[in-house]
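Single-structure report; data block below.
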Amino acid sequence: MSPFEQVLCIAQEQLAAVARGDLLAATARLDERAALLAAAPPAQLSDADTLHEIMRLDLTLSSAIRQRMVEIRDEAMDGQRGRRALDGYGHPPPPRLRVLDAVG
């Protein structure tokens, strides 16, 4: 099996992980793919279909990663808003000044 075919198999497994909702497992394979591609010989014309399929799958994977990044950002922003709201309730109002009239 050529390095490009191995990368295609990994890309298919990554897409299956994304379909299961396991983006962490999908992204954990990126280093493995990088190592295969770094050691691969130059691509030949016969590799074209395999490379096109890898790129097609990568578009789906990159969209899933992007979507999760947006969700994480939104969750963080919601958390900050909630924290600010709780902080507002956490501080008691300033004490009222008590003024006593002098009794004479």
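Where a number appears in this text, it was derived from the coordinates with a stated rule and is not lab data. Note that the coordinates shown come from a computational prediction; the quantities given were computed from them, not determined experimentally. For neighbour counting, all protein chains shown are included, and Cβ atoms are generated from backbone atoms with ideal geometry for every residue, glycine included.
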Open item on the list: What's the magnitude of the charge dipole for the chain around its Cα centre, counting Lys and Arg as +1 and Asp and Glu as -1 at the beta-carbon? Answer in Debye, nearest 20.
Closed with: 780 debye
TODO: Could I have the simple spin-label model distance between Met1 and Ala39, label points 7 Å from Cα toward Cβ, reported in nm to one decimal?
DONE: 1.4 nm
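Which order do the peptides 3-12, 19-28 take when ranked by the mean count of other beta-carbon atoms within 10 Å per residue, highest first?
Values: 3-12: 17.9, 19-28: 13.7.
The packing order, highest mean first, is 3-12, 19-28.
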Task: Protection-proxy order for peptides 76-89, 56-69, each taking the mean of Cβ atoms within 10 Å per residue, highest first - done: 56-69, 76-89
- [ ] Sum -39500 (n - 2.57) across every DSSP H segment of at least 4 residues in the chain, then divide by the residue count to get the 222 nm mean residue ellipticity, nearest 500.
- [x] -25000 deg cm²/dmol
- [ ] From the C-alpha gyration tensor of the chain, pull out the three semi-axes of the equivalent ellipsoid (sqrt of 5λ each), sorted largest to smallest, in whole Å.
- [x] 60, 12, 10
